1. Among residues belonging to segment 27-51 that are assigned to a loop (DSSP other than H, G, I, E, B) and not basic (Lys, Arg), point out the one that is most open to solvent (accessible area, probe 1.4 Å).
2. Do any helices (runs of 4 or more DSSP H) entirely within segment 271-344 hold 1 or more residues that are open to solvent by 30 Å² or more (accessible area, probe 1.4 Å) and of a type in the set (A, V, I, L, M), and if so, which?
3. Just the residues that are within 14 Å of the ligand (Cβ to nearest atom) and among the hydroxyl-bearing types (Ser, Thr, Tyr), please, taken from segment 256-277.
4. Report the residue count in segment 106-136 for those that are in a loop (DSSP other than H, G, I, E, B) and over 30 Å from ALA164 (Cα atoms).
5. With (1) modelled with pLDDT of 95 or more; (2) within 12 Å of the ligand (Cβ to nearest atom); (3) open to solvent by 60 Å² or more (accessible area, probe 1.4 Å) as the list, and LEU230 as the residue in question, which single condition is left unmet?
6. Can you tell me which residues in segment 71-105 are without any contact (Cβ under 8 Å) to a residue 24 or more places away in the chain and closer than 22 Å to ARG15 by Cα?
7. Report whether or not VAL179 is out of contact with any helix residue (DSSP H, G or I) (no Cβ under 8 Å at 6 or more places or on another chain) and within 16 Å of the ligand (Cβ to nearest atom).
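The values are calculated or read from the model by the stated rules, or taken from the named source; none is laboratory data. Note that the coordinates shown come from a computational prediction; the quantities given were computed from them, not determined experimentally. No Cβ is skipped: glycine too gets one built from the backbone with ideal geometry, and neighbour counts run over all protein chains shown. Calculation scope for accessible area: heavy atoms of the full protein, side chains included, ligands and nucleic acids excluded. Shrake-Rupley method; radii C 1.70, N 1.55, O 1.52, S 1.80 Å.
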Amino acid sequence: MIEQLEQLQADAAARIAAAADLDGLHAVEIDVLGKRSTLTDLRKQLGGLDPDERRTLGQRLNDAKAQLEAAVVARRADLEATARTAQLAAERLDLTERLDPAPARGHLHLVTQTRDRLEDVFVGLGFTVAEGPEVEDDWYNFEALNIPPSHPARGMWDTLYVDAGEPQSVLLRTHTSPVQIRVMQDVAPPIYAVMPGRVYRRDTADASHMPVFHQIEGLVVDRGITFADLAGTLEAFTSAYFGSAIHSRLRPSYFPFTEPSAEYDINCVFCEGSGCRTCAQTGWLELGGCGMVHPNVFAAVGIDPEEWSGFAFGFGIDRLALMRHGVDDLRELFTNDVRFLRQF
Ligand code: FA5
């Protein structure tokens, strides 16, 4: 019987080791260790043996059973580990994988590029950059700029009002000039600052107008600043931005917040001054207004005009972008056709 048991144990151990998967192992386990197994049959035969043989064989049977059970546990652990690895491999999701081609990278809009470039040029000339709110009140946008209520010059800026506070007291700023006021309130002179931003007017869109557009304001306040400094600064800016072939000129004009005031023109970049359709055969293109800061503006912010003088200017950023890139219709910038935008 001992021999029979040893043979049985060896066979059972081989079958356990050979079980290919968990179901197979379960079947082998029932077969070799279950109630109807040969091992159980052998145990049933113990009753017919004499006490010594019964003890010896009983002990061997218990050992064999314990070893086979341990073998089943070990094989099960192996098979479970293999099954788990296979499951992980089958369920693996590669979240870094893209099946569609990577989308093309975009770039900054031409107006943003132009604004950045303008800031760079002025920072190179020693200016700082400041910003102000797009929703303003009447005082900043008009009154502090020497445009009291019912001043006829208010008609120069067709204003969009916001439904807040007293009627017509809160508005979308019509120019970046209110930021001049905020800068002068915040910092004591000397001041050398540019102030870019978005502005709003009740203008109908056409080749040179948009109801929402962008300006860059400039403000210098220091001792002994003259109109010659203004002209020199704008000429230095013109060649830094457009190249040395393009020059500027100042033409008498009127703004309530500057005295004297001027329009800033540059040589037409399309015909370089010889005259074309874009410049209406004049050879010049108008880019913005400028002038010496009016004493009433200094008074509004508490700067002594006897001690300090200054100049200011305000250019249309969108129009500067058109000029620099030879585009002849402002609306092209805002239609947002990528075929147009990706050229810049
Ligand atoms: C002003 O807005 C003054 N605040 C400029 C100024 C600042 C003068 C400081 C003196 C001292 P004006 O309304 O002319 O000025 O506008 C300035 C520039 O903004 C124009 O020359 C033009 O380049 C641009 N601009 C005006 N209206 C539009 C519009 N609807 N669409 C696009 N650009 C415009």
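1. Taking the candidates together, the pick is ASP50.
2. It comes to 295-301, 338-341.
3. Listed by number, the residues that qualify are THR258, SER261, TYR264.
4. Number of matching residues: 7.
5. (3)
6. Listed by number, the residues that qualify are VAL73, ALA74, ALA77, ASP78, ALA81, THR82.
7. The answer is yes for VAL179.
Here's the yes/no breakdown for (1) at pLDDT 95 or above; (2) open to solvent by 70 Å² or more (accessible area, probe 1.4 Å); (3) of a type in the set (Lys, Arg); (4) out of contact with any Gly (no Cβ under 6 Å at 6 or more places or on another chain):
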{"site": "ARG201", "(1), (2), (3), (4)": "yes, no, yes, yes"}
{"site": "PHE257", "(1), (2), (3), (4)": "yes, no, no, yes"}
{"site": "SER261", "(1), (2), (3), (4)": "yes, no, no, no"}
{"site": "ILE266", "(1), (2), (3), (4)": "no, no, no, yes"}
{"site": "VAL269", "(1), (2), (3), (4)": "no, no, no, yes"}
